[in-house]
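Notes follow the structure.
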Amino acid sequence: KSIKSTWETLEKKAKELTIARKNIFGFIEKEILSDLVQLGMPKSRLEIKHEGLQDFTMNGKDTISFLFSANNDMALNEISKVASGGEMSRLMLAIKNLLRKSKTLPTVIFDEIDSGVSGEIALKMGNIIKSFSTSTQIINITHLPQVAAKGDAHFVVYKYEENGKTLTSVKLLNTEERIEELAKMVGGNDYSEASLKIAREMVQN
């Protein structure tokens, strides 16, 4: 009797979870695609696919997969099989944005979420990440000057040797140091006056 009762409870809870998931699919697809338009992917398509399972798992009695296409003429397929590095970065940013809105996270850490993008798209990603900081503390690891310039504070991670050991440290940059660091990100260690000018404009904007 105990086993039968528990099994019935499991079936009921799993069914409720499946219904709740299906009811939110459309909203998730709409929100993610809206962010992707802002990030320069207006032709993107996203479909959340549901499959029922015979047995229970830790997450219910169904499995969910995300099918994606960046272009109209490309068939929908699993994200991992069709998304390029830059597309994956933008998708992850859109998904993180959705999670941030729904869970009121105190801190979000982005570890090179902007890899594979550059130029205008990098600037747009920087603006979106900046907008997150109005409600959430953002710690963002990046190699893109367009993104780094949007932070309220700029830290640089560096290595040095001491007593024959290689050590790593972090330094908070002042305004001039920040401009120099951004200039390096723009034009390399042997940066020019032009790179410094671009860096100053980035900080001011």
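A single entry from Gly187, Gly126 fulfils the requirement of being under 21 Å from Met41 (Cβ atoms) and either out of contact with any Phe, Trp or Tyr (no Cβ under 8 Å at 6 or more places or on another chain) or among the small types (Gly, Ala, Ser) (or both): Gly126. Candidates are the residues of the range 142-161 that are farther than 19 Å from Leu39 by Cα and among the β-branched types (Val, Ile, Thr); the one that is surrounded by the fewest Cβ atoms within 10 Å (Cβ to Cβ) is Val157. The residues of the range 5-61 that are in contact with a Ser or Thr (Cβ under 7 Å, 6 or more places away or on another chain) and at positive phi amount to a single one, Gly60. Looking only at residues of the range 1-60 that are part of a helix (DSSP H, G or I) and among the hydroxyl-bearing types (Ser, Thr, Tyr), we find that the one that is farthest from the chain's Cα centre (by Cα) is Ser2.
With respect to the conditions (1) at pLDDT 95 or above; (2) over 18 Å from Asn140 (Cβ atoms); (3) not acidic (Asp, Glu), Leu172 falls short on a single one, namely (2). Taking the range 162-196 as the range and being loosely packed, with under 12 Cβ neighbours inside 10 Å, in a helix (DSSP H, G or I) and either at positive phi or charged (D, E, K, R) (or both) as the test, the residues that pass are Glu176, Glu193. Listed by first and then second residue, the pairs with beta-carbon distance under 6 Å, at least 6 apart or on different chains, first residue in the range 71-96 and surrounded by 16 or more Cβ atoms within 10 Å (Cβ to Cβ), second β-branched (Val, Ile, Thr) and modelled with pLDDT of 85 or more, are Ala94/Ile32.
Tell me yes or no: at least one residue of the range 117-136 is closer than 19 Å to Lys96 by Cα, open to solvent by 80 Å² or more (accessible area, probe 1.4 Å) and without any contact (Cβ under 8 Å) to a residue 24 or more places away in the chain. Within the range 117-136 (the criterion being closer than 19 Å to Lys96 by Cα, open to solvent by 80 Å² or more (accessible area, probe 1.4 Å) and without any contact (Cβ under 8 Å) to a residue 24 or more places away in the chain), the answer is yes, since at least one residue qualifies.
The values are calculated or read from the model by the stated rules, or taken from the named source; none is laboratory data. All of these numbers come straight from a predicted model, not from anything done at the bench. Methodologically, a virtual Cβ is constructed for each residue, glycine included, from the backbone with ideal geometry; neighbour enumeration extends over all protein chains shown. These area figures cover heavy atoms from the full protein model, side chains too; ligands, DNA and RNA do not enter into them. Shrake-Rupley method; radii C 1.70, N 1.55, O 1.52, S 1.80 Å.
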